[in-house]
Amino acid sequence: MRFLAAALVLCFCVALPASAQQKTMPVIGYLDPRSRAPLTAFREGLIETGYVEGQNVAIEHRWAEFRYDRLPGLAADLVGRKVDVIVTAGTPAALAAKSVTPTIPVVFFSGDDPVAQGLVASFPRPGGNLTGLSAFFGELMPKRLELISELAPEAGVITLLVNPDDPTVEGFARGVEDAARAKGLQLRILKASTETEIDTAFASLVQLHPAALVVTPNAFFGSRSKQLVALASRHAVPAIYFTREFVAAGGLISYGPSFPGVLRQLGIYAGRILKGAKPADLPVEQRTTFELVVNLKTAQALGLRIPPSILARADEVIE
């Protein structure tokens, strides 16, 4: 009897620490408006802080398939699964996460002013449960117009491709409209939110006779880089894009932040929060370094001469 009691006590003492002291692997919820995308750089950022997916951290992915109306529901699903931190790509995803949780830390990437959007109180002291990175895409739009105008100095008409489903598109369009007006250029806006609509938009270029095209930053357009580049080539229209990936695929020129760099920093911030940092104390990082990438082969095919002023500023020239 005494032996049985001792055995029960021993079993209890052994079993209790195993269940009580065992630490559950932390879970990151990743919310993205796209339909899957490589997150290698994000995982590299996590590794820099000591976290390796599958070993000491898990990642729950939620992809909205480019349907922005799905983001709040997907964010709520992550909250219901009690993830330890939510990482969001783009302002709409960040706003969706903010709307469903006041407590779970959220690390965002925003192409807008996160203060004006109501995501944080300020850049140095975000307050609340959100922090992250910002690139101010709207402020880069006039610069893109200026660059493409340098490549097509005789331009009278410029076209702007936008995704009407993107809630941030108004700010992008307004910046280009103001810059075009200041330069005395006519601006024509083309809208597309599906593959077919992209084809239709480019078909309308025949009537518009634009000298150049500006593609607005958008997750859907990013996923259709090869289609956009191929159509720009087919219609022989000089186009400026928002990431290097377009130029690597044969596009003419791009100006914008390094997205692998953005993803890496999101991973670092997520890892720091898992280690105990508070979002309210992590300053929102504003990206101030942008890549200018030019494809000389594409320029030659279009019969364009890249001005020395652009070549001198280019971070990368693809030949």
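The values are calculated or read from the model by the stated rules, or taken from the named source; none is laboratory data. As the structure is a prediction and not an experimental result, all values here were calculated from the model. Don't worry about glycine lacking a Cβ; one is built from the backbone with ideal geometry, like all the others, and counts go over all protein chains shown.
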State which residue is surrounded by the most Cβ atoms within 10 Å (Cβ to Cβ) when the search covers only the stretch 160-186 and only residues that are of a type in the set (A, V, I, L, M, F, W, C) and over 26 Å from the mean Cα position of the chain (by Cα).
185
Considering residues of the stretch 157-175 that are out of contact with any Pro (no Cβ under 8 Å at 6 or more places or on another chain) and assigned to a helix (DSSP H, G or I) only, the residue modelled with the lowest pLDDT:
171
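Among the helices (runs of 4 or more DSSP H) contained in the stretch 30-143, which hold 3 or more residues that are touching a Leu at 6+ places or on another chain (Cβ under 7 Å) and not aromatic (Phe, Trp, Tyr)?
Working: elements: 40-48, 71-80, 91-100.
Qualifying helices (runs of 4 or more DSSP H): 71-80, 91-100.
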Residues 157, 229: which one is surrounded by 23 or more Cβ atoms within 10 Å (Cβ to Cβ) and of a type outside the set (Phe, Trp, Tyr)?
229
Which one is surrounded by the most Cβ atoms within 10 Å (Cβ to Cβ), of the residues in the stretch 187-214 that are of a type in the set (Gly, Ala, Ser) and touching a residue at least 40 places away in the same chain (Cβ under 8 Å)?
212
Could you give me the residue pairs with C-beta distances under 6 Å whose first residue belongs to the stretch 215-234 and is hydroxyl-bearing (Ser, Thr, Tyr), whose second residue is outside any loop (DSSP other than H, G, I, E, B) wherever it lies, and which are 6+ apart or on separate chains?
216/162; 216/172; 225/245; 225/246
Test for residue 245: is it under 30 Å from residue 317 (Cβ atoms) and either surrounded by fewer than 23 Cβ atoms within 10 Å (Cβ to Cβ) or more than 19 Å from the chain's Cα centre (by Cα) (or both):
yes
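Return yes or no: is residue 91 assigned by TED's automatic domain parsing to the domain that holds residue 27 and crowded, with 24+ Cβ neighbours inside 10 Å? Don't jump to the end; show me each part of the working.
Values: assigned by TED's automatic domain parsing to the domain that holds residue 27: yes; crowded, with 24+ Cβ neighbours inside 10 Å: yes.
For residue 91, the condition - assigned by TED's automatic domain parsing to the domain that holds residue 27 and crowded, with 24+ Cβ neighbours inside 10 Å - is met.
Here's the yes/no breakdown for (1) of a type outside the set (Asp, Glu); (2) touching a Pro at 6+ places or on another chain (Cβ under 9 Å); (3) not assigned by TED's automatic domain parsing to the domain that holds residue 61:
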position: 185; (1), (2), (3): yes, no, yes
position: 195; (1), (2), (3): no, no, yes
position: 204; (1), (2), (3): yes, no, yes
position: 209; (1), (2), (3): yes, no, yes
position: 214; (1), (2), (3): yes, no, yes
position: 217; (1), (2), (3): yes, no, yes
position: 234; (1), (2), (3): yes, no, yes
position: 245; (1), (2), (3): no, no, yes
position: 264; (1), (2), (3): yes, no, no
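In the stretch 23-63, what residues are aromatic (Phe, Trp, Tyr) and closer than 19 Å to residue 100 by Cβ?
Listed by number, the residues that qualify are 30, 63.
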Before we move on, is residue 306 touching a Phe, Trp or Tyr at 6+ places or on another chain (Cβ under 8 Å) and assigned by TED's automatic domain parsing to the domain that holds residue 148?
no
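Does residue 229 qualify as being in contact with a Gly (Cβ under 6 Å, 6 or more places away or on another chain) and either modelled with pLDDT of 95 or more or not in a helix (DSSP H, G or I) (or both)?
Details: in contact with a Gly (Cβ under 6 Å, 6 or more places away or on another chain): yes; either modelled with pLDDT of 95 or more or not in a helix (DSSP H, G or I) (or both): yes.
Considered against the rule, which asks whether it is in contact with a Gly (Cβ under 6 Å, 6 or more places away or on another chain) and either modelled with pLDDT of 95 or more or not in a helix (DSSP H, G or I) (or both), residue 229 comes out as yes.
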Can residue 221 be described as within 20 Å of residue 36 (Cα to Cα) and either assigned to a loop (DSSP other than H, G, I, E, B) or touching a Ser or Thr at 6+ places or on another chain (Cβ under 9 Å) (or both)?
no
Residue list for the stretch 288-301, filter: in contact with a helix residue (DSSP H, G or I) (Cβ under 7 Å, 6 or more places away or on another chain) and surrounded by 19 or more Cβ atoms within 10 Å (Cβ to Cβ):
292, 293, 294, 295
